[in-house]
Every structure is written in C-alpha cells, then in structure tokens.
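Structure, as structure tokens:
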Amino acid sequence: MAIERTFSIVKPDAVAKNVIGKIYSRFEEAGLRIVASKMLQLSREQAGEFYAVHKERPFYNDLVDFMTSGPVMVQVLEGENAIAKNREVMGATNPKDAAPGTIRADFAETVDENAVHGSDAPETAKVEIDFFFPEGVCERLR
Ligand code: DAT
Ligand code: MG
C-alpha cells in the first residue's frame, strides 16, 4: 500500500473543548503524520462550498452554522492507507454509533457536532487539500 495523504478538520466543538492536542495524538498513535496544519475561521462561503455535496440535505444550513461558529484546525495527514485509516480513527459519523476508542466516541456527543472531518476517497482528499492549502504542502518531510 502506497503512502497516501488525506484532509482532516478538527471542528469548532472540539477546538472549543480544548482537545486539539488529544485528537492530534490519536492521528499520530495510528501512524498518521501531520504534514500541514493551521487554525482558521471558515466563512459561510467556504463552509457552504466545502459541504456543497450536502446542499439538498435538511441539515445543510445547521451544518454551515456549526462549521462557522468558531475556529477550526485544518490539517493534512500522511501515512499508509491514510484515507481509510483516518476514517477508522474518527469513528462513525454519529458518535452514538462510533466504536469505543475512536475520536467521535470519545470527544463528541451528537451527529451534528461530531468533532472531526476526514476525506472519504482519494478524489475528495485531493480536492479538499487543494481547497484549504492552495499555497501547497511540503512534498517530503523525511
Ligand atoms: P462524515 O463527516 O462522517 O463524512 P457525512 O459526509 O455524511 O459524514 O456528513 C457530513 C457532516 O454532515 C457530518 O459530519 C455531520 C453532518 N451530518 C451528517 N448527517 C447528519 C444528520 N443526519 N443530522 C445532522 N447532521 C448530519
Ligand atoms: Mg463526509
């Protein structure tokens, strides 16, 4: 399996709870390396475009409200099978369904404020990395 990169967000609920470091440790313990990272406040335009795939869903407006309610950390994670591995470490979308020991099980309570985002496929990972890191990401750290 080749080394892969994926895009991740620590959402406003987790930033407010002061658990950025604990969540980053989960990535590192899973063998994922943080190769780019920054804190930012999403505009409604950015959040709306990022989640455009969900535009017709009933929760879309609440999702945009939530994602713009406070600062987020955005990061690029690198490692073997990084996209699937990150999804595994994150746990199910609804924290109530998330396996014990996953980020969502441990740091989130509800499906609408579920601590983290992670890309779901190589195509979305590339689009999302380019969306949030148009300046580029280090090619090689080691
Ligand atoms: P994931 O974030 O696990 O990739 P998704 O892409 O289906 O899940 O949905 C994106 C986000 O939208 C999700 O993290 C939280 C919100 N969301 C999804 N389903 C929801 C629901 N039934 N009610 C409220 N918010 C929901
Ligand atoms: Mg998704």
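The values are calculated or read from the model by the stated rules, or taken from the named source; none is laboratory data. These figures come from a predicted structure and were not determined experimentally. Cβ: placed from backbone, ideal geometry, glycine included. Neighbour counts: every protein chain shown.
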(request) Quick one: V76 ticks every box in (1) more than 15 Å from ligand 2 (Cβ to nearest atom); (2) surrounded by fewer than 20 Cβ atoms within 10 Å (Cβ to Cβ); (3) under 21 Å from M39 (Cα atoms) except a single one, so which number is it? (result) (2)
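Does D106 qualify as being within 16 Å of ligand 2 (Cβ to nearest atom), among the acidic types (D, E) and surrounded by 13 or more Cβ atoms within 10 Å (Cβ to Cβ)? Walk me through it before giving the result.
Details: within 16 Å of ligand 2 (Cβ to nearest atom): no; among the acidic types (D, E): yes; surrounded by 13 or more Cβ atoms within 10 Å (Cβ to Cβ): yes.
No: the conditions fail for D106.
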(message) Tell me yes or no: at least one residue of segment 6-19 is touching a Phe, Trp or Tyr at 6+ places or on another chain (Cβ under 6 Å), away from ligand 2 (no atom under 14 Å from the Cβ), closer than 20 Å to A125 by Cα and modelled with pLDDT of 95 or more.
(response) no
(request) Tell me which of these M90 doesn't satisfy, since it passes every other one: (1) surrounded by fewer than 21 Cβ atoms within 10 Å (Cβ to Cβ); (2) near ligand 1 (Cβ under 10 Å from one of its atoms); (3) under 11 Å from the mean Cα position of the chain (by Cα). (result) (1)
(request) Give the number of residues within segment 20-55 that are in a loop (DSSP other than H, G, I, E, B) and within 23 Å of A84 (Cβ to Cβ). (result) 4
(request) For residues that are assigned to a helix (DSSP H, G or I) and of a type in the set (K, R), scanning just segment 57-104, find the one that is nearest to V127 (Cα to Cα). (result) R87
(message) Of everything in segment 108-142, what is in contact with a Pro (Cβ under 8 Å, 6 or more places away or on another chain) and over 19 Å from L40 (Cα atoms)? Give them in sequence order.
(response) A108, E109, T110, V111
(request) Select from segment 111-136 the residues that are more than 16 Å from ligand 2 (Cβ to nearest atom) and either free of Cβ contacts under 8 Å to residues at least 24 places away in the same chain or within 16 Å of A82 (Cα to Cα) (or both) and list them in ascending order. (result) D130, P134, E135, G136
(request) Please enumerate the residues belonging to segment 37-73 that are crowded, with 16+ Cβ neighbours inside 10 Å, within 14 Å of ligand 2 (Cβ to nearest atom) and aliphatic (A, V, I, L, M). (result) A47, L63, M67
